[in-house]
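Visitor: Can you read through this structure? Questions will come right after.
The values are calculated or read from the model by the stated rules, or taken from the named source; none is laboratory data. Computed from a predicted structure; not experimentally measured. Cβ coordinates were reconstructed from backbone atoms using ideal geometry, including for glycine residues, and neighbour counts include every protein chain displayed.
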Amino acid sequence: MSHILSPENILISLLSGYNTYFCTENRAQLPTSDRPALVLQHLRSNETFYAIAIATPYIAYNNMAFIGRWRRLVEYPCGRGFLWPIDLVYQTNGENQCYLVYPFRNMAPYKSMSELSKTRKFFGLDHRMTRDIAMAFLNAYESLERNNYLYFGLDDDDIFINTLDGRVLIPINERISIDKRERLSFTNREYLSEVIDPYCYANRKITPGSNDVYSYDIDSERYAFISILFRLLIGLYPYEGPYMDEYEYNVESENNRDWIYHYLQNPVFIFDENDTSNSIANFKKNEEHLKRWGMLTERLREMFANTFVSDNVMRRGTVTQYAAAEWRAALEECFRETKPID
């Protein structure tokens, strides 16, 4: 017990005087971070938790803005679609380091969307599991909107799917704001994804080297979530047409950065009825994607088209965006009108 309670092993909550933890000698890997997580044990209940180090301000235990932000997030969690922190703790060994605490979660049944995308049956309205995933994904998005959070950093690698029942799990870490009106800045070294808003990419601040600065806002968040939804239902990203033929999409390749850059530079919707320069309509290899597009209701096709046409995504004039609840209602209607094959 003396070893357990030694000062270097104690972590105390900055949100509650009740919660004190000690750090075990074990380490684990959580999808919230590429760094190993600490395995903590609650001092009173003996329950096991995980903890991830986060950027810590100077004298964190007296920083009311920092503590208040995390208190808001911990006290108002979103629904089941998230791996959500339940506490903010401070290590007492003089290192001035804070950690987010997460409940134990068995990640064995979960695989990332990028990993699952390698299988043909992962995408398409005709697959029952894809319907479950799409609905769970929209429910998570609606929960974020309802709580006024702005989620930054959405990516296929950071969305996890339970292969047994189609449940979605999105890990929450530092890349979230408690105010949707906030505008976040990041560099292409910190985050680069196929679902970056093309407007955000085109209007980046170009700097010497490879550290261009991007600006992310609520329209960027909406674009990211609906891009993922579109890919779930169709099997392609919204602009993955003839313009991308000479570039290979491979999530495991370092060269995929070139694919992303070229993709973001050519935001012409593959089903745009007015600009057909990037249309997939005449390509035999896209028969399956065309069939899936045809399976959608007219309402859902209209919403996707209004969202992804170039003038809208590049914010030329009033931006057309739909709330998560509208997408969910349209998707439910589509599910009622079409039956899955499997």
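Visitor: Answer yes or no: is there a residue in the range 66-85 that is farther than 15 Å from residue 172 by Cα, free of Cβ contacts under 8 Å to residues at least 40 places away in the same chain and assigned to a strand (DSSP E or B). Before you say what the answer is, go through the steps one by one.
Guide: Looking only at the range 66-85, we keep the residues that are farther than 15 Å from residue 172 by Cα, and these are 66-68.
So of that shortlist, the ones also free of Cβ contacts under 8 Å to residues at least 40 places away in the same chain come out as 66, 68.
Right, trim to assigned to a strand (DSSP E or B) and you get none.
Scanning the range 66-85, I find no residue that is farther than 15 Å from residue 172 by Cα, free of Cβ contacts under 8 Å to residues at least 40 places away in the same chain and assigned to a strand (DSSP E or B), so the answer is no.
Visitor: Something else about it: Count, please, the residues in the range 190-216 that happen to be of a type in the set (A, V, I, L, M, F, W, C) and over 19 Å from residue 316 (Cβ atoms).
Guide: At the first step, the residues of the range 190-216 found to be of a type in the set (A, V, I, L, M, F, W, C) are 192, 195-196, 200, 202, 206, 213.
Those still in the list that are over 19 Å from residue 316 (Cβ atoms) too: 192, 195, 206, 213.
So the count comes out to 4.
Visitor: Something else about it: Name the residue, out of 116, 138, that is hydrophobic (A, V, I, L, M, F, W, C), modelled with pLDDT under 90 and not assigned by TED's automatic domain parsing to the domain that holds residue 41. Quick ask: steps written out before the conclusion?
Guide: Working: 138 fails: modelled with pLDDT under 90.
Just a single option satisfies the conditions, and that option is 116.
Visitor: Only one of 145, 95 is in contact (Cβ under 8 Å) with a residue 12 or more places away in the chain and either surrounded by 16 or more Cβ atoms within 10 Å (Cβ to Cβ) or assigned to a loop (DSSP other than H, G, I, E, B) (or both). Can you tell me which?
Guide: Numbers: 95 fails: in contact (Cβ under 8 Å) with a residue 12 or more places away in the chain.
Exactly one residue qualifies, and that residue is 145.
Visitor: Next question, about the same structure. Grab the helices (runs of 4 or more DSSP H) fully contained in the range 264-318, keeping just those with 1 or more residues being in contact (Cβ under 8 Å) with a residue 24 or more places away in the chain and more than 16 Å from residue 237 (Cβ to Cβ).
Guide: Once the helices (runs of 4 or more DSSP H) in the range 264-318 are filtered for at least 1 residues that are in contact (Cβ under 8 Å) with a residue 24 or more places away in the chain and more than 16 Å from residue 237 (Cβ to Cβ), what remains is 287-295, 298-308.
Visitor: Here is a further query. Among all residue pairs at least 6 apart or on different chains, which show Cβ distances below 8 Å where the first residue, located in the range 237-249, is closer than 20 Å to residue 197 by Cα and touching a residue at least 60 places away in the same chain (Cβ under 8 Å) and the second is crowded, with 17+ Cβ neighbours inside 10 Å and hydroxyl-bearing (Ser, Thr, Tyr)?
Guide: Final answer for the pair search is 238/227; 239/263.
Visitor: Look through the range 319-342, keep the residues that are among the aromatic types (Phe, Trp, Tyr) and part of a helix (DSSP H, G or I), and return whichever of them is farthest from residue 297 (Cα to Cα). Break it down into steps so the answer makes sense when it comes.
Guide: At the first step, the residues of the range 319-342 found to be among the aromatic types (Phe, Trp, Tyr) are 322, 327, 335.
Those left that are additionally part of a helix (DSSP H, G or I): 327, 335.
Numbers: 327: 12, 335: 9 Å.
Once the filter is applied, the top-ranked residue is 327.
Visitor: Looking at 79, 68, which is the one that is out of contact with any Phe, Trp or Tyr (no Cβ under 9 Å at 6 or more places or on another chain) and within 30 Å of residue 233 (Cβ to Cβ)?
Guide: Values: 68 fails: within 30 Å of residue 233 (Cβ to Cβ).
Only one candidate qualifies: 79.
Visitor: Kindly list, by first and then second residue, each pair from a residue in the range 192-209 that is acidic (Asp, Glu) to a residue that is part of a helix (DSSP H, G or I), limited to pairs with Cβ atoms under 6 Å and residues at least 6 apart or on different chains.
Guide: Listed by first residue and then by second, the contacts come to 194/260; 197/220; 197/223.
Okay, residues lined up against (1) in contact with an Asp or Glu (Cβ under 8 Å, 6 or more places away or on another chain); (2) in a strand (DSSP E or B):
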{"residue": "89", "(1), (2)": "no, yes"}
{"residue": "105", "(1), (2)": "no, no"}
{"residue": "108", "(1), (2)": "no, no"}
{"residue": "111", "(1), (2)": "no, yes"}
{"residue": "114", "(1), (2)": "yes, no"}
{"residue": "133", "(1), (2)": "no, no"}
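Visitor: I'm trying to understand the selection: among the residues of the range 188-205, which are over 16 Å from the mean Cα position of the chain (by Cα) and modelled with pLDDT under 90? Explain how you work it out, then say what you get.
Guide: Filtering the range 188-205 for residues over 16 Å from the mean Cα position of the chain (by Cα) gives 188-189, 198-205.
If the condition is that a residue be over 16 Å from the mean Cα position of the chain (by Cα) and modelled with pLDDT under 90, then 188, 189 are the ones that fit.
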